[in-house]
Amino acid sequence: MPIPLVVPDASVLLKWVLSPDDEPDADKALLLRTAIVDDAVRALLPALWLYEVGNTIARRFPTHALDWLSALMKFGLEEAPASHPWLAKTVELTRRFDVSFYDAAYHAVALLHNGLFVTADTRYVNQVSEPGSVMALSEWQPPRTRASRPGRQKSPL
């Protein structure tokens, strides 16, 4: 069975470094992070993720910006290369649903790579659900692995 592909956006990635006490659905974001680290899901992002996350962190938390952004970079998140099909899909979503280019960029990656765009922005999910491949972070569940199925024990090796 292929590993599911997820495209977490900046709203999800920020929850990886911000205090979980102040962030709704931080538990879900951390579950997603663990699933990525454990190779239960594959993450793919548009290259703009670092600039979008960096803008928020550097402006709102300047004393933590270098450490937090460095920590996020250490995950080695795979970036989808910019391409004409990605650009065309991003522009189409932006125009058709009157959403930001940033949000549409993540969604376009998910659509073009048969993945799932996961965002904490429920307004976006409600506005752009028709093309599919989008889910609110609050609804996301980690995939069931063989080790997590009832009656199975994870091998110690």
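Read-outs: derived from the displayed coordinates by stated rules, not from any lab. As the structure is a prediction and not an experimental result, all values here were calculated from the model. Here the Cβ positions follow ideal geometry from the backbone for every residue, glycine too, while neighbour counts run over all protein chains shown.
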Would you mind computing, in nm to one decimal, how far apart the modelled labels at residue 3 and residue 51 are, each placed 7 Å from Cα along Cα→Cβ? 2.8
Magnitude of the Cβ-charge dipole of the range 5-142, K/R +1 and D/E -1, about the Cα centre, nearest 20 debye? 300
Using θ = phi - 60° and the Karplus curve 6.51 cos²θ - 1.76 cosθ + 1.60, what whole-Hz ³J(HN,Hα) does each residue of the range 108-123 get, with Gly and Pro shown as x? 4, 4, 4, 5, 6, 10, 6, x, 10, 7, 10, 9, 7, 7, 5, 4
The simple spin-label model distance between residue 141 and residue 67, using points 7 Å out along Cα→Cβ, in nm, is 3.7
May I ask you to derive the FRET efficiency for residue 123 and residue 96 from their Cβ-Cβ distance with R0 = 22 Å, giving the value to the nearest 0.05? 0.85
Would you please state which residues of the range 125-142 a label at residue 114 would reach in this model, taking the label point 7 Å out along Cα→Cβ and a backbone N cut-off of under 17 Å? 132-134
Amide H contacts of residue 5 (H built 1.01 Å from N, under 5 Å, at least 5 apart or other chain): 42, 116
Tabulate in residue order the Karplus-calculated ³J(HN,Hα) for the range 13-27, using 6.51 cos²θ - 1.76 cosθ + 1.60 with θ = phi - 60°, rounded to whole Hz; enter x for Gly and Pro. 4, 4, 5, 6, 10, 7, 4, x, 5, 9, 10, x, 6, 4, 4
Note: residue 75 to residue 42 extended length (0.36 nm per residue) minus current alpha-carbon separation gives 10.7 nm
Average silhouette area of the chain, convex hull of alpha-carbon atoms, in square nanometres: 10.7
